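Read through the structure below, which is laid out as structure tokens, and then see the notes.
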Amino acid sequence: MKMNLRVSAVAALGAAMIISGGAYAQANEQFVPVLVYRTGPYAPNGVPVANGFVDYLKLINARDGGINGVKLTWEECETGYATDRGIECYERLKGKGPTGATAFNPLSTGITYALTEKVGADKIPLFTTGYGRSESKDGSVFKWNFPFMGTYWVAADILVQHVTKKEGGADKMKGKKIALVYHDSPYGKEPIPVLQEHAKRLGFELLTLPVTHPGVEQKATWLQIRQQRPNYVFLWGWGVMNSTAMKEAIAVGYPRSQMFGVWWAGAEPDVLTADDAAKGYNAITLQHGAEKTTVHNEIIKHVHDKGQGTGEKKEIGQVLYNRGMISAMLVVEAVRSAQGKFGKKPLKGEEVRWGAENLKIDAARIKALGMEGMIQPIATSCADHEGAQKARIHSWDGDKWSFTSDWYQADEKVLGPMIAAASKKYAAEKNITPRDCSKE
Amino acid sequence: MLYREAGQFRTTYQADQQLFPIRQDRIAVLLLLAFAFAVVPLFASEYLFRAILIPFLILALTAIGLNLLVGYCGQISLGTGAFMAVGAYAAYNFAIRVPSLNLLLVFVLAGLVATVVGVLFGTPSLRIKGFYLAVATLAAQFFIDWLFARVGWFTNYTPSGSVTAPQLNLFGWTIDSPTEKYWLVLAIVCLIALAAKNLTRSAIGRAWMATRDMDVAAEIIGIRPIYAKLSAFAVSSFFIGIGGALWAFVHLGSWEPLAFDINRSFNLLFMIIIGGLGSILGAFLGAAFITILPLFLNQLPAWLGINVSTATISHMEFMIFGALIVFFLIVEPLGLARLWTIGKEKLRLWPFPH
Amino acid sequence: MNWGFLLEVILGGLMAGVLYSLVALGFVLIYKASGVFNFAQGAMVLFAALSLVRLMEHMPFLAAFVLTLAIMVLLAIGIERLVLRPLVNQAPIILFMATIGLTYFLDGFGQTIWGSDVYQLNIGMPKEPIIMAESLVNGGILVNKEDLYAALIAAILVAGLALFFQKTATGRALRAVADDHQAAQSVGIPLNRIWVIVWAVSGIVALVAGMVWGSKLGVQFSLSLIALKALPVVILGGFESVPGAIIGGLIIGVGEKLSEVYLGPYVGGGIEYWFAYVLALLFLLVRPEGLFGEKHIDRV
């Protein structure tokens, strides 16, 4: 019985602490919630993203003393890539800091979908840099969502553009075959409508081959590829699924040079374990690749050399690290842009949302950020929450990623009507009256 | 000293067989209900509601359903997540396709659909036993996960396969604040717990328990195994289906098949084993333990002011969680509910145990 | 019908099946000797592979392999002392639960000490495919060399296990325990020691499985999820049967590949995961104790 009492005492203590939540002193601080996954099947990919994100926040504090004097604070919360855990994290972190959470980066398509339903009521913007719902680009309906720099629809469109160019023109695509090997989840299914649209338009055949989570066994999938011999394989995988795909591709003798991954299937963990099997493999990039520029040196100088680094030094400049870093940069820049209107003080989520919607990162600003060559200018508006629809292809040569194409611009003629239709459907389902963007 | 039944005489069978034969228990339960319905909403924060109480209640409800099957009827199931998914997607389809339907009716219908599916996947139990059955129920888990991911009709042809619950509306009352959701869930959970408790005390409950203890013997004394096992699958799936619908509509709001994957099934199984097999109270205790413990472990270092990396915390959380499961099994294999009973027995005699 | 391709699919299925068998063997060994359905087998595969790959960063393969073996034996002793012994005579479901607790513990423990990144494990497995019988069928029959090697390793392991079980005194004691705990104990076989040995052996099986799978996928958390692919194999073959694990693995491997390739396209694909379970379920309906499982007669 003694044990029972002790357990209940601990439980009571815990309950008391959970209930009391937290009373925070008013401070000149801007709180950034950081949703991460450092455990579970997707940890190898989740860790560098999280490290890049946090390192950038540390840099802003260490080098600039915060954003215009407003210090950044943050707290990590482990989601394990699970939706219910993500919701718990959201509820835990949304009210922290003097002004509440700045913006959420859920880092998972599932959590993005779930939070899309919640952020409106709490007035916190949802930043999904390079993932999330593709139709949430339409800010008139998705007021709180910001799929910055590119959605899966943009990725699918640009991949088709790239292979069309490789084939030598739209007329050459007729009768060609493209196989989409995808993670059987909302993430993997996102590109299908765009690819189907292109298949209809250009006359190529689209094979869709789902791979069940987590994707450790793909022999049957690749045997089908061997039999069907598609001209190109688009890989929409995540985590172990990518490196397994690489290995199975070599096992059936499918040339890696004809494989194109999405930007979540084009980072170091995906190719390193596959060893030589990945040589020649291509992936679309979310603008940036694996490069090191001024900002990385600053991070090394101000953060890592002072023993404050979040992860290992060798991660700096890797693809996923850069992705996390740029996600954090967009949060910081959104706050900065909002400060221009609301004053240099800790801002509420609602005010940050305005900042995110009026984000102007031009070439000069990119240079000032130390990200020259990594990204292209971003300009958001009420109607366009994405800010840029550009991407290029990079390829793995066995040691490193290097760019092998020019910039492409997503085809607004194809995507525009699709986004409009999808967001209209969502608005009808949810009884949302779209904002009139001409008045904003 | 307060907890003593001296002087409480039961003069009728009815009085002897009532749910809480001891007066103090009746008062305690009423007080608890009053506390849960009236007092909790007064002080609970939004975090407490949304991240702890609502998920706890829904999972407790689902655990009750599972406990009827595993704890009372002895049929191990690892397909709970799938039956929850059936409830969730059925509710979604009823709500989307027949918008005029009352919300409660939607939940009941969702439960009924889950019942049908549960009975379907329960039929192998007539032939397969023990761990073979447990693994066979995984067939349901993976098949149903796949079905909702692949067949567009179930998700109303949303391109991504992720669906969103419509607004909760009950007799013109829009349920959107955390307190309202909490009340809704609490009321449903209370009703179902009461129903489940009474079921287990009835003839059908006794048939289940006889089947659990020894199915051949039960058959010999005249219990039809097909009836006992399939009714257990049916009732359990009904509750689990409602639990799944609530989980999707009230807690998640937007979901995909992955929300009801195999981890959910295991999670629920932990709850009833830690809480106590064959106990309604155990389902609540287990759900509380499994829901709150990881959150507690996760936030503990922050409260203590220790600076540990998120990764280490999560790994430690796994380790402590696993170790605690083993520890509890060693200390009390019959679960928290058994500890509770022991405590009550002792309390009845306290302070003069002799 | 493209017969060459059909043959290829079947071959691919057989190879995949061998890999499942490797993991399934671990389940069977423990169930046979102690009646415990060891859910932690997947976690043990991950733990062994992680230990091996991280140790290999500091020492040659053989040394790391031996050291990992030692770790797995230590783990077995620890599990017997801390988990099994206090839970002796409990219901099977309680022991099953305990191994689930163990799974969580091992997952967390392994990642804490060894890290949660992807680690490349190179044990010299060839990657290139070979094409056979090109003259017979159009396009030839493609065989993956890596899979062939894996099958070879599995065959050696099974042969070794068979020798161990049939020819050594310990092996005989193990079989005696598997047949009847009480009878074995009454003739003087120490149950506790047998359990340590069995867990150690299944730890070694886990190490081999982890090595083969790890070389294929890279050593990372997902390795622990392979257990889910081995479960249908175990129930199809029967919980108590080593040959059952092998043959079950082959049936499941071939069945799921054939289903995915030939049925999948009609229903949208991605069916192999559940098909394996449904296949096992269908077998169970005919033989409720698996193909080679022992028939239990229920007595009142």
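The values are calculated or read from the model by the stated rules, or taken from the named source; none is laboratory data. Keep in mind that this is a model prediction, so the values were computed, not measured. Neighbour counts run over all protein chains shown; Cβ positions are idealised from the backbone, glycine included.
Residues are listed down the side, and each one gets a yes or a no for (1) over 19 Å from the mean Cα position of the chain (by Cα); (2) more than 10 Å from chain B (Cβ to nearest Cβ):
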{"position": "C:His58", "(1), (2)": "yes, yes"}
{"position": "C:Ala63", "(1), (2)": "yes, yes"}
{"position": "C:Leu69", "(1), (2)": "no, yes"}
{"position": "C:Leu75", "(1), (2)": "no, yes"}
{"position": "C:Arg81", "(1), (2)": "yes, yes"}
{"position": "C:Asp107", "(1), (2)": "no, no"}
{"position": "C:Ile113", "(1), (2)": "yes, no"}
{"position": "C:Ser116", "(1), (2)": "yes, no"}
{"position": "C:Tyr119", "(1), (2)": "yes, yes"}
For the stretch A:210-227, check the following and say yes or no: at least one residue is within 7 Å of chain C (Cβ to nearest Cβ) and among the small types (Gly, Ala, Ser).
yes
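Residue under question is A:Leu180, and the condition is that it be among the aliphatic types (A, V, I, L, M), at pLDDT 95 or above, over 21 Å from C:Gly218 (Cβ atoms) and touching a Leu at 6+ places or on another chain (Cβ under 8 Å); does it hold? Walk me through it before giving the result.
Details: among the aliphatic types (A, V, I, L, M): yes; at pLDDT 95 or above: yes; over 21 Å from C:Gly218 (Cβ atoms): yes; touching a Leu at 6+ places or on another chain (Cβ under 8 Å): yes.
Here the answer is yes, as A:Leu180 does meet what is asked.
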For the list (1) surrounded by 24 or more Cβ atoms within 10 Å (Cβ to Cβ); (2) in contact with a Lys or Arg (Cβ under 7 Å, 6 or more places away or on another chain); (3) of a type in the set (A, V, I, L, M), I need the number of the one condition that A:Leu209 fails.
(2)
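Every residue, every condition in (1) among the charged types (D, E, K, R); (2) touching a helix residue (DSSP H, G or I) at 6+ places or on another chain (Cβ under 6 Å), yes or no:
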residue	(1), (2)
A:Leu107	no, no
A:Val119	no, no
A:Lys123	yes, yes
A:Thr129	no, yes
A:Gly150	no, no
A:His162	no, no
A:Gly169	no, no
A:Pro186	no, yes
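In the stretch B:94-115, which residues are more than 14 Å from every other protein chain (Cβ to nearest Cβ), in contact (Cβ under 8 Å) with a residue 60 or more places away in the chain and not in a loop (DSSP other than H, G, I, E, B)? Can you show your working first?
Initial filter on the stretch B:94-115 (more than 14 Å from every other protein chain (Cβ to nearest Cβ)): B:94, B:98, B:100-115.
Narrowing further to those that are in contact (Cβ under 8 Å) with a residue 60 or more places away in the chain: B:102-104, B:106-108, B:110-115.
Hits for the stretch B:94-115 are B:Leu103, B:Leu104, B:Val106, B:Phe107, B:Val108, B:Ala110, B:Gly111, B:Leu112, B:Val113, B:Ala114, B:Thr115.
Where in the stretch C:222-271 are there helices (runs of 4 or more DSSP H), lying wholly inside it, with at least 3 residues that are free of Cβ contacts under 8 Å to residues at least 24 places away in the same chain and out of contact with any Asp or Glu (no Cβ under 6 Å at 6 or more places or on another chain)? Show your work before the answer.
Details: elements: C:227-237, C:242-258, C:264-267.
Of the helices (runs of 4 or more DSSP H) lying wholly inside the stretch C:222-271, those with at least 3 residues that are free of Cβ contacts under 8 Å to residues at least 24 places away in the same chain and out of contact with any Asp or Glu (no Cβ under 6 Å at 6 or more places or on another chain) span C:264-267.
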Would you confirm whether or not the stretch B:251-265 contains a residue that is assigned to a helix (DSSP H, G or I), on the phi < 0 side of the Ramachandran plot, surrounded by 21 or more Cβ atoms within 10 Å (Cβ to Cβ) and within 12 Å of chain C (Cβ to nearest Cβ)?
yes
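Across the stretch A:99-119, which residue is nearest to the other protein chains (Cβ to nearest Cβ) among those that are at negative phi and not in a helix (DSSP H, G or I)?
Checking each candidate, the answer is A:Ser108.
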Name, by its number, the condition in (1) closer than 27 Å to A:Ser243 by Cβ; (2) of a type in the set (Gly, Ala, Ser); (3) surrounded by fewer than 22 Cβ atoms within 10 Å (Cβ to Cβ) that does not hold for C:Gly203.
(3)
Mind listing just one residue for me: the one in the stretch B:162-206 that is of a type in the set (Lys, Arg) and touching a helix residue (DSSP H, G or I) at 6+ places or on another chain (Cβ under 6 Å) and, of those, nearest to the other protein chains (Cβ to nearest Cβ)?
B:Lys181
Selection from the stretch A:425-440 of residues that are within 14 Å of another protein chain (Cβ to nearest Cβ), surrounded by 13 or more Cβ atoms within 10 Å (Cβ to Cβ) and in a helix (DSSP H, G or I)
A:Lys425, A:Tyr426, A:Ala427, A:Glu429, A:Lys430
Output for Cβ contacts, cut-off 6 Å, separation at least six or different chains, first residue more than 7 Å from chain B (Cβ to nearest Cβ) and over 13 Å from B:Ala259 (Cα atoms) in the stretch A:76-93, second crowded, with 24+ Cβ neighbours inside 10 Å and of a type in the set (Val, Ile, Thr), reads A:Cys89/A:Thr79
For the stretch B:163-194, give me the residue count where each residue is farther than 14 Å from B:Leu246 by Cα and either buried (at least 20 other Cβ atoms within 10 Å of the Cβ) or in contact with a strand residue (DSSP E or B) (Cβ under 7 Å, 6 or more places away or on another chain) (or both).
1
List every residue pair whose Cβ atoms sit under 6 Å apart, with the two residues 6 or more apart in sequence or on different chains, where the first one lies in the stretch B:207-224 and is within 10 Å of chain C (Cβ to nearest Cβ) and the second, anywhere, is assigned to a loop (DSSP other than H, G, I, E, B) and surrounded by fewer than 14 Cβ atoms within 10 Å (Cβ to Cβ).
B:Val216/C:Asp298; B:Val216/C:Val300; B:Ala217/C:Val300
Which residues, counting only those in the stretch C:83-97, are surrounded by 18 or more Cβ atoms within 10 Å (Cβ to Cβ) and in contact (Cβ under 8 Å) with a residue 60 or more places away in the chain?
C:Leu84, C:Leu95, C:Phe96
Would you pick out the residues in the stretch B:343-354 that are part of a helix (DSSP H, G or I) and in contact with a helix residue (DSSP H, G or I) (Cβ under 8 Å, 6 or more places away or on another chain)?
B:Gly343
If only one of B:Ile280, B:Ile223 is in contact with a Lys or Arg (Cβ under 6 Å, 6 or more places away or on another chain) and not acidic (Asp, Glu), which one is it?
B:Ile280
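Does any residue of the stretch B:25-34 turn out to be within 14 Å of chain A (Cβ to nearest Cβ) and in a helix (DSSP H, G or I)? Give the steps one after another, and end with the answer.
In the first step, residues of the stretch B:25-34 are kept if they are within 14 Å of chain A (Cβ to nearest Cβ); the result is none.
No, there is no match, as no residue in the stretch B:25-34 is within 14 Å of chain A (Cβ to nearest Cβ) and in a helix (DSSP H, G or I).
Scan A:Lys360, A:Lys344 and give me the residue that is over 19 Å from A:Gly65 (Cβ atoms) and either at pLDDT below 95 or touching a Pro at 6+ places or on another chain (Cβ under 8 Å) (or both).
On the way: A:Lys344 fails: over 19 Å from A:Gly65 (Cβ atoms).
Only one candidate passes the filter, namely A:Lys360.
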Can C:Ile100 be described as outside any helix (DSSP H, G or I), under 30 Å from C:Lys295 (Cβ atoms) and not small (Gly, Ala, Ser)?
no
If I ask for residues that are in contact (Cβ under 8 Å) with a residue 60 or more places away in the chain and not in a helix (DSSP H, G or I), which ones from the stretch C:1-20 would you list?
C:Asn2
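Okay, residues lined up against (1) buried (at least 18 other Cβ atoms within 10 Å of the Cβ); (2) within 14 Å of chain C (Cβ to nearest Cβ); (3) over 21 Å from C:Phe96 (Cβ atoms); (4) among the aliphatic types (A, V, I, L, M):
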position	(1), (2), (3), (4)
B:Ile274	yes, yes, no, yes
B:Phe284	yes, no, yes, no
B:Phe296	yes, no, yes, no
B:Gly305	no, no, yes, no
B:Ile313	yes, yes, yes, yes
B:Phe321	yes, yes, no, no
B:Val331	no, yes, no, yes
B:Gly343	no, no, yes, no
Looking at C:Gln90 and the list (1) in contact with a helix residue (DSSP H, G or I) (Cβ under 6 Å, 6 or more places away or on another chain); (2) part of a loop (DSSP other than H, G, I, E, B); (3) over 30 Å from B:Thr310 (Cβ atoms), which single condition is not satisfied?
(1)
If only one of A:Pro193, A:Pro147 is under 19 Å from A:Ala410 (Cα atoms), surrounded by fewer than 24 Cβ atoms within 10 Å (Cβ to Cβ) and within 14 Å of chain B (Cβ to nearest Cβ), which one is it?
A:Pro193
